[in-house]
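Worksheet: the structure to be examined is printed underneath.
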Amino acid sequence: MHHDTPETLRIIQCRHQGSVRAALVEGPDFVRLTDADTYTLARRALAEGKGLATTVKASLGDETLDYADLVASGQLLPPLTHPDPAHCLVTGTGLTHLGSADTRSAMHADSSETDDAQLTDSMRMFRLGVEGGKPAEGQVGAQPEWFYKGDGDCVVAPEAPLPWPSFAEDAGEEPELAGLYLIDDQGRPHRLGFAIGNEFSDHITERYNYLWLAHSKLRACSFGPELLIGELPSHLEGTSRITRDGETLWEKPFLTGEDNMAHSIANLEHHHFKYPGFRRPGDVHVHFFGTATLSFADGVSVKPGERYEIELPAFGRPLRNPLAPPTEDEEQTSVTPM
């Protein structure tokens with residue numbers, strides 16, 4: 001988006017009287033409604049050649065809502081959605097954070113291997129990022145590991161339960177930053193801002209063989225509840241925790257932001273949007289930027305009823321989602337010839 005203001009704002013999206021509305025976070029307790037949803041506001045900003053923050057402020061009305069009531073009544077939505085979920089693409093990059101290769105290599109092989117020929121593919125990919133993931137301006141850096149997760153139907157609202165498919169061996173959180181984008185009518189990507197993400201993966205399946213990474217990723221995820229519009233701090237410290245009935249079962253700090261990443265965000269964005277199919281006018285993109293901190297790496301197995309909580313103070317309210325019980329496959333997956 002255009003940067004005609006250095007201001008930082010945080011917005012949410014919620015259901016209100018039968019429609020979807022964006023709202024400005026005015027503090028921990030209240031949000032002020034705008035006249036439209038985030039997608040409409042972003043399209044309006046592009047049409048008027050203004051920054052999203054300016055457009056959000058111009059769209060504010062007098063009505064405020066109680067933030068805690070929105071949470072309690074299940075009205076919170078992801079902070080960016082497309083009216084047609086098929087036009088929201090959810091993707092991500094892995095091995096992007098300093099320390100992430102240690103987590104991955106511990107899952108895949110003996111990380112004491114130092115001879116390049118003996119390195120795991122994960123460690124080799126990580127090294128590529130460390131050596132070439134932050135190119136000079138105008139230069140193209142190393143390609144990251146990349147994966148497709150799903151369309152807008154795989155996104156679970158903040159506070160809502162994350163589904164556990166019956167075929168999944170594990171249901172592990174991945175505390176990450178997510179970049180939120182809109183493609184303009186000329187096919188150019190614009191970043192609306194960033195949100196806290198829980199990329200949610202099956203690490204047992206991934207650990208068995210890294211070529212099953214894609215299988216481990218094709219599942220639900222959540223991001224939000226707040227969309228940060230404005231400059232992303234280069235150093236972010238947060239907390240990832242697992243709770244049950246308010247009691248903390250596992251907790252660990254995590255670092256993100258470019259100071260703690262092997263790749264620049266610009267480099268990760270380049271390698272995503274270089275494909276013309278990801279620059280389709282009107283589409284929304286949600287792109288997860290990776291993590292180095294997993295409860296799975298500490299031997300934790302999250303159980304139904306337990307809740308993931310990912311907190312980054314710069315993003316306001318934490319992202320919280322309970323884990324649903326495993327679903328029994330009632331869907332008929334066998335293929336019928338026509």
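Please specify each residue of region 14-36 satisfying the condition of being surrounded by 21 or more Cβ atoms within 10 Å (Cβ to Cβ) and within 15 Å of residue 83 (Cβ to Cβ).
Result: 21, 22.
Output the number of residues of region 175-214 satisfying the condition of being farther than 25 Å from residue 307 by Cβ, more than 16 Å from the chain's Cα centre (by Cα) and basic (Lys, Arg).
Number of matching residues: 1.
Identify all residues within region 259-315 that are in contact with a Ser or Thr (Cβ under 8 Å, 6 or more places away or on another chain) and of a type in the set (Ser, Thr, Tyr); write none if there are none.
291, 293, 295, 308
Name the single residue that is modelled with the lowest pLDDT among those in region 7-62 being among the hydroxyl-bearing types (Ser, Thr, Tyr) and either in a loop (DSSP other than H, G, I, E, B) or farther than 17 Å from residue 230 by Cβ (or both).
In this case the residue turns out to be 8.
Got at least one residue in region 294-303 being within 24 Å of residue 159 (Cα to Cα), of a type in the set (Phe, Trp, Tyr) and not in a loop (DSSP other than H, G, I, E, B)?
yes
Would you point out the residue of region 84-121, among those that are in a helix (DSSP H, G or I) and at pLDDT 80 or above, that is nearest to residue 222 (Cα to Cα)?
Residue satisfying both the conditions and the ranking: 85.
State the number of residues belonging to region 278-293 that are part of a strand (DSSP E or B) and touching an Asp or Glu at 6+ places or on another chain (Cβ under 9 Å). Walk me through how you get there before you give the answer.
Here is the first cut: in region 278-293, the ones part of a strand (DSSP E or B) are 284-288.
Right, trim to touching an Asp or Glu at 6+ places or on another chain (Cβ under 9 Å) and you get 287-288.
Selection size over region 278-293: 2.
Do any residues in region 300-322 that are in the same structural domain as residue 166 (by TED's automatic domain parsing) have Cβ atoms under 9 Å from those of residues that are in a helix (DSSP H, G or I) and surrounded by fewer than 20 Cβ atoms within 10 Å (Cβ to Cβ), where the two are at least six apart or on different chains, and which pairs are they?
301/204; 317/71; 320/71
The values are calculated or read from the model by the stated rules, or taken from the named source; none is laboratory data. If you're wondering where the values come from, they're calculated on a predicted model, not measured in any experiment. Cβ coordinates were reconstructed from backbone atoms using ideal geometry, including for glycine residues, and neighbour counts include every protein chain displayed.
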